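This report concerns only the one structure given below.
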Amino acid sequence: MIRLYNTKTRTKVDFETLERGKVGMYVCGPTVYNYIHIGNARTFISFDVIRRYLMWRGFDVTFVQNVTDVDDKIIGKSLEEGRSAAEVAAEYTEAFIEDMRAAGVLDPDIRPKATEEIPAMIELIQELIDGGHAYDADGDVYFNVRSFPAYGELSGRNVDEMESGHRELRADGKGVEDRKRDPLDFALWKAAKPGEPAWESPWGMGRPGWHIECSAMSRKYLGLPFDIHGGGADLVFPHHENERAQSEAACGCTFANYWMHGGMLQINSEKMSKSLGNFKLLRDVLKVTDPKVLRFLMLQTHYRSPLDFSDERLAEAGAALCRIENAVKNLDWQLQNAQDIPSPLDTRELMKRTKEAKLAFILAMDDDFNTCKALGEVFDFVAAVNAQTADRTISLSDVPPVRDARGVIVELMGVFGIDVEAASASCAAGGYPPEVVGLAADIAGYEGADAAEAVDALLAARADARAAKDWSRADAVRDGLCGLGFVIEDTPQGARVTYEG
Ligand code: AMP
Ligand code: ZN
C-alpha cells in the first residue's frame with residue numbers, strides 16, 4: 001500500500017485512488033516569462049519520479065500540467081522587450097518544453113495553456129458569481145473568501161488572523177484595494193488595462209487571474225474530484241488555497257483528494273534568488289552536467305525536504321552514479337565472457353538478493369516516495385552483486401541469475417528516469433576519472449585527452465613492460481590505477497580495469 005503525505009491533513013495517509021488502477025494528477029506548471037531555474041526543475045523532477053513510480057506500480061496515470069502564459073510578469077517582460085506578451089510566452093513555453101525533455105522529464109499527457117482555456121475559466125467564474133461566491137466590481141471579478149468557510153484549511157491558516165494582518169497593512173495605507181469588498185478577496189478576472197492582452201467576457205474585456213486557470217483546467221481535463229494535486233511548497237498559499245476555494249465553492253465537492261508539495265531548492269544552504277547572485281537556470285546547469293547526474297542529486301533528498309544544491313554535491317552524485325554504471329558495465333562483461341566452468345557464485349544467494357532488492361525498493365518508495373532510501377537499497381544491492389561477481393569469470397550456468405540481477409539494477413534506476421545502461425557524461429569514457437590521462441602521459445607517453453584511450457594506452461604499456469620483463473614499469477601502471485580506485489584484472493580474454501572504490 002502506497003502511503004503519502006497529504007498537505008491538507010498534515011499526515012501520511014494510505015493512497016486510495018478514486019478509480020481502481022487509475023490516477024489523475026495535476027501539477028502546476030511554470031509562468032513562462034523566463035527560462036526555468038533549477039528550483040522549478042526540482043519540483044518538476046520530483047513529480048516526474050512520483051508519476052513514473054506510480055506507472056511502474058501499474059497505475060494508469062493521467063498527468064496534467066498547465067502553462068501560465070498570461071500573467072503580470074509576462075506582460076512586464078513584454079513591455080521591457082518591446083514585443084507582445086504572446087511572443088514572450090511562446091518563446092519561453094517552447095524553451096520550457098525543451099528544458100524538461102533535456103532533464104528527462106516525461107511530457108504531460110495534457111499540457112493546457114491558460115490563453116487557450118479562457119472559455120472554461122469564464123464559465124467557472126460565472127458559476128461562482130451565480131452561487132454567491134464571487135462578485136463583479138467594475139469589470140474586475142473577485143472571489144468572496146468569507147463565502148467559503150473552509151478557506152485557510154489547506155495551508156493551516158486562520159482567516160480572522162489573516163484579516164487582522166490585512167487591516168494593519170491598511171492602517172499603513174499599503175495594500176488597499178478599493179474595489180474589493182473584503183481585503184482577503186482575490187481576483188478571478190481582471191479588467192483590461194490599455195496595451196495588455198484581453199479577452200471578451202460577461203464583465204467586459206479583461207484577463208483571468210492566476211488561480212482560476214488551474215481550477216478550470218483541472219476540472220476540464222480530470223473531472224472533480226481528482227486524485228493528486230501537486231506543486232512546490234511555495235504554492236500552498238495563496239495559490240492552492242485559492243484554487244481549492246474556487247473549485248470546491250463552485251462544485252460543492254472535494255477538489256483534490258491528496259495535496260502534495262515539494263520542498264524548496266537552495267544553493268549552498270541559501271535561498272536561490274537573483275539578488276543573491278546565486279540564481280541558476282536549468283539549461284545552464286545542463287550545459288555542464290549530465291541530466292542523469294542532476295536527477296541523481298535530486299533523488300538523494302526526500303522530495304518534501306529542502307534540497308541543497310552545490311557543485312560538490314553534484315560531483316558526489318556523479319561519482320555515485322558512476323559506481324552503478326560501472327557495476328552494470330562489469331556485469332555486461334561477465335555475461336559476455338561467461339565460460340564453461342563450474343560456477344564460482346552462490347547463485348541461490350544472488351537470486352534471493354535480487355528479489356529482496358526489488359521489494360526493499362518498493363517498500364521505500366511506497367513510504368511517501370522515499371527516493372533517498374530507495375537509492376540506498378539499489379546501492380546495497382549493487383554492492384552485494386559486486387561482492388559476488390567482481391574479479392571473477394562466471395560460468396554459463398550463472399548467466400540467468402546474473403542477467404536478472406543486472407536487469408533489476410537497470411529497471412529500478414529506470415523508475416527514476418535514469419538509464420544506467422549508458423555511461424553518463426561524468427562517468428564518460430567508461431567511468432575513468434580525468435587523472436588517468438596524466439597517468440598515461442607519464443607512464444605510457446600517451447598524448448591524447450580521452451580517458452578511455454588513456455586506459456588502453458596504460459594497459460598496452462603494461463603488456464609491453466611485462467613482455468620486456470620491465471616489472472617496475474608494469475607495477476607503476478598497476479599502482480597508478482590503484483591510486484585512482486581501479487584494479488587491473490588479468491583474464492583469459494586479456495587485461496581489464498574495474499573500479500573498486
Ligand atoms: P512558478 O513558475 O514560479 O509558478 O514555479 C513553477 C514551479 O516551480 C512551482 O511548482 C513552484 O513551487 C516551483 N518552484 C519555484 N521555486 C522553487 C525552488 N526554489 N525550489 C523548488 N521548487 C520551486
Ligand atoms: Zn496551479
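The values are calculated or read from the model by the stated rules, or taken from the named source; none is laboratory data. Computed from a predicted model, the values in this text were never measured in an experiment. Cβ coordinates were reconstructed from backbone atoms using ideal geometry, including for glycine residues, and neighbour counts include every protein chain displayed. With ligands, DNA and RNA removed, areas are computed over all heavy atoms of the protein, side chains included. Shrake-Rupley method; radii C 1.70, N 1.55, O 1.52, S 1.80 Å.
Key figures for this structure:
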quantity	calculated
Hydrodynamic radius by Kirkwood, which averages 1/r over all alpha carbon pairs of the range 1-118, in angstrom	15.8
Convex hull projection area averaged over all views, the range 243-326, Cα basis, nm²	8.1
Protection proxy ranking of 241-247, 71-77 - average other beta-carbon atoms within 10 Å, highest first	241-247, 71-77
Shape call, the range 1-261: gyration tensor on alpha carbons, a/c limit 1.5	oblate
Within the accessible area of the range 61-163 (1.4 Å probe), percent carbon and sulfur	46
Peptide ranges 340-348, 126-134, 26-34 listed from the most packed, as the mean C-beta count within 10 angstrom indicates	26-34, 126-134, 340-348
√(5λ) per eigenvalue of the Cα gyration tensor, the range 277-345, largest first, Å	36, 13, 8
Dipole magnitude of the chain about its Cα centre (Cβ charges: Lys, Arg +1; Asp, Glu -1), debye to nearest 20	720
Theoretical ellipticity at 222 nm over the chain - DSSP helices of four or more residues, -39500 (n - 2.57) apiece, nearest 500	-15500 deg cm²/dmol
Dipole in debye (nearest 20) - the range 210-276, about Cα centre, beta carbon charges: Lys, Arg +1; Asp, Glu -1	120
Whole-number percent relative contact order across the range 310-414, with pairs defined as alpha carbons under 8 Å at least 6 apart	43
C-alpha center-to-center spacing [the range 52-125, the range 218-290] in angstrom	13
T254, T68, ranked by accessible area, largest first (probe 1.4 Å)	T254, T68
With every protein chain in place, the range 310-414: carbon and sulfur % of accessible area (1.4 Å)	53
Mean separation of Cα contacts under 8 Å, 6 or more apart, over the residue count of the chain: relative contact order %	15
Entries in K190/K292; K193/K271; K220/K287; K73/K373; K73/K180 that, when Cα-Cα distance is taken, lie over 32 Å	K190/K292; K193/K271; K220/K287; K73/K373
Ranked packing of 100-106, 209-215, most packed first, by mean Cβ within 10 Å	209-215, 100-106
Residue-normalised accessible area of the chain, expressed per residue, 1.4 Å probe, Å²	44
Rh (Kirkwood; distinct C-alpha pairs) - the range 432-497, Å	11.5
Prolate/oblate/rounded label for the range 310-414 (Cα gyration tensor, a/c 1.5)	oblate
Largest to smallest principal axis extent of the C-alpha atoms in the chain, angstrom	95, 50, 37
Pair S397, K358: separation of 7 Å Cα→Cβ label points (nm)	2.4
